[in-house]
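The values are calculated or read from the model by the stated rules, or taken from the named source; none is laboratory data. Fair warning: this is a prediction, and the values are worked out from it, not measured in the lab. Neighbour counts are summed over all protein chains in view; Cβ atoms, including those assigned to glycine, are modelled from backbone coordinates with ideal geometry. Just so you know, the surface numbers come from the protein's heavy atoms only, side chains and all, with ligands and any DNA or RNA stripped out. Shrake-Rupley method; radii C 1.70, N 1.55, O 1.52, S 1.80 Å.
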Amino acid sequence: MEIVGTNEYGRGAESDGQDTNRDEEPMKILTEQADSIIIYFSRSGNTENLVKMIHNETNADILELTLVNPYPEDYEETVERANEERETNNFPEISTDIPNLSPYNHIYLGYQTWAMTLSNPIIRFLDDYGDLLDGKIIHPFSSKAGYGEGNSLTRMQDLLPNSTIEESFAVEDAEVVSSENELVEWIKNQ
């Protein structure tokens, strides 16, 4: 899969208003032979580039999470909505049909760090479908605007108490495309 820089980084990164899917269908590759799947949400395309890199290295299946009500194109409007969702614990509804996950032993879980924690769509996914990940090995990976992962991994472990959370891979969004060698090393060490 081709990796293409997004030129949308940090605070102010715009989206197409369809969480990277205005001009194409959400990424979905489901096969019968894979024992790994990459499940992710991407707003501006940086996390999706990490997905492509992981897929190129592992040939894992792919499932992009989409929302019933996608975030706005405007970054500040997205921040306002995300903050309200966190304050009310009313996270966005996932519109993706979740397949049978029992064949997969390894789950690569891709997200963004928002307000020093997991992005809201991933929280909702784990709230709604976390029991489908019981007994699975979780390989978290994320893009961020430079502030670090915050409590993302602690929150993930709280939402997935019956899963094994491996060491994460986190990269600043502006460095995603140039981080491929480090990502490959992370995959090899899992």
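About its Cα centre, the chain has a charge dipole of approximately 440 debye under the convention of +1 per Lys or Arg Cβ and -1 per Asp or Glu Cβ, with nothing else charged. Derived scalar couplings between HN and Hα for region 29-40 equal 10, 10, 10, 9, 9, 6, 10, 10, 9, 9, 10, 7 Hz in order, rounded to whole Hz, by the Karplus curve 6.51 cos²θ - 1.76 cosθ + 1.60 (θ = phi - 60°), x for Gly and Pro.
Pull out the extension gain between S95 and D131, defined as 0.36 nm times the separation in residues minus the alpha carbon to alpha carbon distance; nm, one decimal. Don't skip to the end; give the middle numbers.
Working: separation 36, 0.36 × 36 = 12.96 nm, distance 1.80 nm.
Using 0.36 nm per residue and subtracting the Cα-Cα distance, I get 11.2 nm.
Taking amide H positions as modeled 1.01 Å from N, with prolines and chain starts lacking one, the residues under 5 Å from E73 and 5 or more places away or on another chain are G17.
Here's the list of lysines a cross-link from K144 could span, going by alpha-carbon distance under 19 Å and ignoring same-chain residues fewer than 8 apart: K52. For the chain, averaging the sequence separation of C-alpha pairs within contact (under 8 Å, six or more residues apart) and dividing by the residue count gives a relative contact order of 23 percent. For I165, nonlocal amide neighbours, meaning residues 5 or more places apart or on other chains whose placed amide H falls under 5 Å from its own, are I138.
Per residue, how much accessible surface does the chain expose to a 1.4 Å probe? Answer in Å², no decimals.
Numbers: 9030 Å² over 190 residues.
Value for the chain: 48 Å² per residue.
Altogether, the Stokes-Einstein calculation at 4 °C and 1.567 mPa s, with the Kirkwood radius of the chain over Cα pairs as Rh, returns a diffusion coefficient of 79 µm²/s. For region 27-122, just say rounded, prolate or oblate: build the C-alpha gyration tensor, square-root its eigenvalues into a ≥ b ≥ c, call rounded for a/c under 1.5, and beyond that prolate if a/b exceeds b/c, oblate if not. Prolate is the answer for region 27-122, as a/c is 1.5 or above and a/b outweighs b/c. May I ask you to give the percent of accessible area on region 48-162 that is carbon plus sulfur, with a probe radius of 1.4 Å? About 40 percent, which is the carbon plus sulfur part of the accessible surface.
How much of the calculated P(r) for region 67-153 lies past 19 Å, in percent of all Cα pairs?
Working: 1599 of 3741 pairs.
Counting pairs separated by more than 19 Å, the tail of P(r) holds 43 percent.
Between L109, Y71, A60, the Cα set farthest toward the positive side of the dipole of region 36-133 (charges on each charged residue's Cβ, about the Cα centre) is that of A60. Of the residues E180, E167, E25, the one that moves most in a GNM of the chain with alpha-carbon contacts below 10 Å is E25. Ranking N189, Y40, L132 by how far each Cα lies toward the positive end of the dipole of the chain (charges on Cβ) leaves N189 at the top. Around the amide H of A170, modelled in the peptide plane, lie the amide H atoms of S142, all under 5 Å away and 5 or more residues distant in sequence or on another chain.
Assigning unit charges at the beta carbon (Lys, Arg +1; Asp, Glu -1) and nothing else, what dipole magnitude in debye, to the nearest 20, does region 24-116 show about its Cα centre? Don't jump to the answer; show the numbers that get you there.
Values: 5 positive and 18 negative charges, 67 e Å.
Result for region 24-116 is approximately 320 debye, rounded to the nearest 20.
Suppose only helical runs count, i.e. DSSP H with n ≥ 4. What mean residue ellipticity at 222 nm does that imply for the chain under -39500 (n - 2.57) per run, divided by all residues and rounded to the nearest 500 deg cm²/dmol? Kindly include the intermediate steps, with their values, before the conclusion.
Values: 5 runs with 54 residues, N = 190.
Helices in the chain give a 222 nm mean residue ellipticity of -8500 deg cm²/dmol.
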